[in-house]
Amino acid sequence: MLRYVTKRLLLMIPTVFVVSLITFYIIQLPPGDFMTTYIAEAEAAGERLDLQAIRMMRENYGLDRPWYVQYGKWIGGIVTRGDFGFSFKYNRPVMTIIRQRMAITIFISLVSLLFTYMIAIPVGIFSATHQYTWGDYLTTLLGFLGMATPNFLLGIILMYLSFRWFGNPMLGLQSPEYIGLPLSIPVIVDFVKHLIIPVIVIGTAGASSLIRVMRGQLLDELRQPYVETALAKGLSWRRLLFKYPVRAAINPILSTLGWTLTAIFSGSTITAIVLNLPTQGPVMYEALLSQDMYLAGSWLLILTVLTVIGTLVSDILLAWLDPRIREEYS
Amino acid sequence: MTMGTCRLLVAALVLAALGAPAFAGGGREQTTNDDTTMMSEATHEAPMLHAMVEDGSLPPLEERLPIASDVMVEEVHEEGQYGGDWRMPWKGIDDKWALSFITEEALFRFRTDGEGVEPNVAKGYDVNDDATEYTIYLREGMKWSDGEPFTAADVLFYWDHMLLPETFGKALYDCYYSVDPETGERVRAEVEKVDDYTVKITHAFPSPLFLERVAIDNKWFFAPAHFYETILPEFIGDARAQEVAEEWGFADAGALGKWTGYYYWVWPERPTVRAWVASNDPNSQRFIMERNPYFWKTDPEGNQLPYIDRIVVDKAEGDTALLDAISGGIDLLGFPFTDFTMLKENESQGDYRVIQWNSSALASTGVMLNQTFDDPHLRPLFRDIRFREALSVAVDREALSEIVTDGLTEPRQAALLPGIPNYRASWETKWIDYDVDRANALLDEIGLPWNSEHTRRSFSDGTPLELVIFYSQDGNATRDAESELLKSYYEAVGITTIIRPIDQGLYHEMKYANQIPASLLGGIGTVNVAFRPDNFLPLRVLTEWYGHYGLYNQTEGEEGVEPTGDVAKLLENWSRVVAAKSREEVDEWADRIIDIHEKNVWMIGYTSPLPHLFIVKNDMRNVPSGLVFCDEFRGIGHGRPSQFFFEQ
């Protein structure tokens, strides 16, 4: 097992390297560079830029060099100094920008993830154990509705309803009058109120598909001969259900942990833009649009590392949970 | 991430777990502001400042203002009350200009009637008879926002250490050059200090528009010397400058110079002379500008401006401004005209009023053909005046107005608006009648035969004729409808039209590479051709109709396409405007430029410009309506925001 983990850890290095190379190349692919966006925005604001100034800025940013030189400089800084470079747009170190929104992003993601699991697992179990009853049909219908509704649309609908009923669309995570106030009960209540829509919106999509997965897996398990054997031996239904089939059916949730980790880190981009949430998603979206390379590149690099780690963690968890898989390693 | 936020998150988790009452109550909760902000006759200053004076942390008002005769008295619509926060969303530091426009204090500013400039930071000026020597008087006793005196040394410092060495990455502005009428040579002006409060600018040749041009090119012709002496490499050495830059979070001293030298108003450390000054890191979720205790303007009663305590902007991730506005979360913000109905419908719910300002654009819809487009068939066609006339008369402007702008615009050509210098009615109404037969006759005459099915035209040698119209997706909702309608009208006279909406960055890349054959007109315009001619003359790569003629001028002939014919005449006339000895002469040559434009119609317009909208909270007062909204006048800044106030 230890050898397996070590091997996997070593394999990560070339994987991350290749992925970072490819992502950096792809970020550069669209025509133009950061300066193009900068000029466009400056002109729209009425600024006039002369060619000399534009050339100077390109040189300053190193944009006049080929992409692999820029990549080399950037990755070199990360490996040798842990320096992820500067964001052109914010004129700040990349890590400062990423750190700024990290806690809030992870918090929202975790709460939504919790919400997802709290809904999906019980509903999935209910749905599978009550197959083809009205309850199953209802949850199936709701599940499909949830899957088919784009997150951002649900966000807009909920904001509209909130605006119509309460006169407040609940934009952002705090009401303006509470921002910057010291911690107190009203501030927290206000914050929790603002969490409701994002958590429902981000959680619903995940929950809907997870309900389907859970239901399908559990149905498979329930038809296994060991279930009948256990019942025949007199094991109570409830005890049986949670001890064996549910445990087996939960595997897919663990094996997708690799992606879940990246989702936690990035937050939900489109939803965050629609709901005006100060999470990573919108910042990175802007970075990609304006070709703020080091910011976008660093972000994608971190996502890559998280995906690779997440995959490893989910493999280890699976082995821990499922003796069948564990046997294969030893 | 601050400690406070971390604690908040933890606390919220706990509370969420306990099942905190969700959506408790409804409606908007207002924190009550219990300090009474009544205007006090005795103090003439904001209560928050008065309290600081009382406890000795701030000098008394008389010491903060310039000497009595040099205080600038701002006209106000009505005497205001101190207090309140001006709340609005912004897109973060990218949106820096929005805050600049509100807080900007120029040396000379445009009058609200649009007729030229008046002293602002400057107290006054003298100019000699041939417009070569400008003596500018400053306000004695005026202070920077950190309390340091503002003197002629600050103007000289800006000139010597920031403008000339290009500390903030901009070449010296055109306004500081005068032109030899004989040779066309550009000569840089000389700036000298006469005494502590007087500066003299000497041009080698007459520059009658100097003040207006400074008001456009270089509004802040001054910088706090005492501050820059602590950050610029030439004063503290390269190594120390690098340290300072890193302390501020910048990569190097160059970036620091650029960001604090040009976009200076968002940095709390940088003293300014504006009504509100930055008070925290502009990269924060909430950025706050607080009143400048040393602001040098008062209302006629002697009350120090500004009335409003703070400008508070929260970072918005997307287009949530409209929703924010109709739910009452915004005090004052501009909106495009397309939001008119939505804003009006929710006026009472959002507790605001919608006011309109006029546009300085030439037209709201229209098209431009790139005169230098590098295609053997299209370039001659685009340069053919008959083709432009055909495109102009092939479109039913009434229908366009109804569909694209709800009938709120009038048919017109892309011409100067009434009230703007060099206006002429004949240009405004040139080629505006809908006449398909005329368009077809012109196209036949050019030699663009129909195909056998009579569905489309081609060039006479059989090459297919395709007009590709690009526009940048900058969120302007009317563009899609406009371009589709134009396509249908153009195709009705046989011109195959392809519409290409593309990303803003790509659009600019293509513009610089001269790859845009045709484009939508957009909001281009001017308040005075002589002040800001960019859209009318190929001075640099900017407006699509002149394409790489602009590059030719910008690179002094090294790259681009050499202007010929009428375009060359435009530039000739412009050099005469620049070298003019008097305003009359300026006007005369500007007139010639407009003559050439009227003759050629390089910019084809279809409907009149739309007004610009602002929503203003009902308790916010002194916000004028009906002014001209444009970059030259600095948007809402033209309404003199320091005298806006909240009724308490």
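The values are calculated or read from the model by the stated rules, or taken from the named source; none is laboratory data. Everything numeric in this text was worked out from a predicted model, so none of it was measured. Cβ sites come from the backbone with ideal geometry, for glycine too, and all protein chains shown count toward neighbours.
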*Leading residue by the ranking (nearest to residue A:285 (Cα to Cα)) among those in segment A:27-42 that are facing another protein chain (nearest Cβ under 7 Å) and crowded, with 21+ Cβ neighbours inside 10 Å*: A:37
*Would you confirm whether any residue within segment A:53-69 is touching a strand residue (DSSP E or B) at 6+ places or on another chain (Cβ under 9 Å) and on the phi > 0 side of the Ramachandran plot?*
no
*Which one of the conditions (1) in contact with a helix residue (DSSP H, G or I) (Cβ under 7 Å, 6 or more places away or on another chain); (2) buried (at least 20 other Cβ atoms within 10 Å of the Cβ); (3) within 30 Å of residue B:96 (Cα to Cα) does residue B:633 fail to meet, given that it meets all the rest?*
(1)
*Considering (1) in a helix (DSSP H, G or I); (2) of a type in the set (A, V, I, L, M, F, W, C); (3) buried (at least 21 other Cβ atoms within 10 Å of the Cβ), say which one residue A:277 fails and leave the rest.*
(1)
*Among the candidates B:4, B:19, B:25, B:80, residue that is modelled with pLDDT under 50 and either of a type in the set (Lys, Arg) or within 26 Å of residue B:311 (Cβ to Cβ) (or both)*: B:4
*Residue ID - modelled with the lowest pLDDT, chosen from residues in segment B:326-380 that are among the β-branched types (Val, Ile, Thr) and buried (at least 21 other Cβ atoms within 10 Å of the Cβ)*: B:326
*Of everything in segment B:593-631 that's part of a loop (DSSP other than H, G, I, E, B) and touching a His at 6+ places or on another chain (Cβ under 6 Å), which residue is farthest from residue B:534 (Cα to Cα)?*
B:622
*How many of the residues in segment B:317-342 are within 22 Å of the chain's Cα centre (by Cα) and either within 8 Å of chain A (Cβ to nearest Cβ) or over 19 Å from residue A:172 (Cα atoms) (or both)?*
9
*Would you point out which residue out of B:156, B:172 is touching a helix residue (DSSP H, G or I) at 6+ places or on another chain (Cβ under 7 Å) and either at positive phi or assigned by TED's automatic domain parsing to the domain that holds residue B:636 (or both)?*
B:172
_When you scan segment A:94-107, do you find a residue that is more than 12 Å from every other protein chain (Cβ to nearest Cβ), out of contact with any Pro (no Cβ under 8 Å at 6 or more places or on another chain), at pLDDT 90 or above and part of a helix (DSSP H, G or I), even just one?_
no
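Yes or no, residue by residue, for (1) touching a Ser or Thr at 6+ places or on another chain (Cβ under 9 Å); (2) touching a residue at least 40 places away in the same chain (Cβ under 8 Å):
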position: A:41; (1), (2): yes, no
position: A:53; (1), (2): no, no
position: A:75; (1), (2): yes, yes
position: A:80; (1), (2): no, no
*Applying the selection to segment B:457-467, what residues are more than 10 Å from residue B:495 (Cα to Cα) and either basic (Lys, Arg) or in contact with a Pro (Cβ under 7 Å, 6 or more places away or on another chain) (or both)?*
B:460
*asked:* Tell me whether segment B:177-188 contains one or more residues that are in the same structural domain as residue B:631 (by TED's automatic domain parsing), crowded, with 19+ Cβ neighbours inside 10 Å and under 16 Å from residue B:155 (Cβ atoms).
replied: no
_Qualifying position, being surrounded by fewer than 18 Cβ atoms within 10 Å (Cβ to Cβ), within 8 Å of chain B (Cβ to nearest Cβ) and assigned to a helix (DSSP H, G or I), among A:196, A:157_ = A:196
*Out of (1) surrounded by fewer than 21 Cβ atoms within 10 Å (Cβ to Cβ); (2) more than 30 Å from residue A:98 (Cβ to Cβ); (3) not β-branched (Val, Ile, Thr), what's the single condition that is false for residue A:259?*
(2)
*Could you tell me whether residue A:245 is out of contact with any Gly (no Cβ under 8 Å at 6 or more places or on another chain) and of a type outside the set (Phe, Trp, Tyr)?*
yes
*Residues that are more than 17 Å from residue B:167 (Cβ to Cβ) and either touching a helix residue (DSSP H, G or I) at 6+ places or on another chain (Cβ under 6 Å) or away from chain A (no Cβ under 14 Å) (or both): find the helices (runs of 4 or more DSSP H) completely inside segment B:182-289 holding 2 or more of those.*
B:210-217, B:238-248
*Could you tell me whether any residue of segment A:239-250 is of a type outside the set (A, V, I, L, M) and over 31 Å from the mean Cα position of the chain (by Cα)?*
yes
_Whether any residue in segment A:62-75 is more than 14 Å from chain B (Cβ to nearest Cβ), surrounded by fewer than 13 Cβ atoms within 10 Å (Cβ to Cβ) and not in a helix (DSSP H, G or I) is what I want to check._
yes
*So residue A:189 fits all but one of (1) part of a helix (DSSP H, G or I); (2) within 14 Å of another protein chain (Cβ to nearest Cβ); (3) surrounded by 22 or more Cβ atoms within 10 Å (Cβ to Cβ); what number is the exception?*
(3)
*Yes or no: residue B:42 away from chain A (no Cβ under 14 Å), more than 37 Å from the chain's Cα centre (by Cα), at pLDDT below 90 and assigned to a loop (DSSP other than H, G, I, E, B)?*
yes
*Would you mind telling me which numbered condition in (1) surrounded by fewer than 21 Cβ atoms within 10 Å (Cβ to Cβ); (2) farther than 30 Å from residue B:79 by Cβ; (3) out of contact with any Lys or Arg (no Cβ under 9 Å at 6 or more places or on another chain) residue B:301 fails?*
(2)
*Report yes if some residue within segment B:100-120 is away from chain A (no Cβ under 14 Å), aliphatic (A, V, I, L, M), in contact (Cβ under 8 Å) with a residue 24 or more places away in the chain and in a strand (DSSP E or B); otherwise report no.*
yes
*For segment B:554-570, state whether one or more residues are modelled with pLDDT under 90, under 19 Å from residue B:186 (Cβ atoms) and buried (at least 20 other Cβ atoms within 10 Å of the Cβ).*
yes
*Does residue B:292 satisfy being crowded, with 23+ Cβ neighbours inside 10 Å and of a type in the set (S, T, N, Q)?*
yes
*Identify, from the list A:232, A:272, A:207, the residue that is modelled with pLDDT of 90 or more, farther than 29 Å from residue A:8 by Cα and either surrounded by fewer than 21 Cβ atoms within 10 Å (Cβ to Cβ) or not assigned by TED's automatic domain parsing to the domain that holds residue A:28 (or both).*
A:232
*Among the residues of segment A:44-55, which ones are facing chain B (nearest Cβ under 7 Å) and among the acidic types (Asp, Glu)?*
A:50
*With respect to residue B:276, determine if the residue is under 29 Å from residue B:83 (Cβ atoms), at pLDDT 85 or above and in the same structural domain as residue B:94 (by TED's automatic domain parsing).*
yes
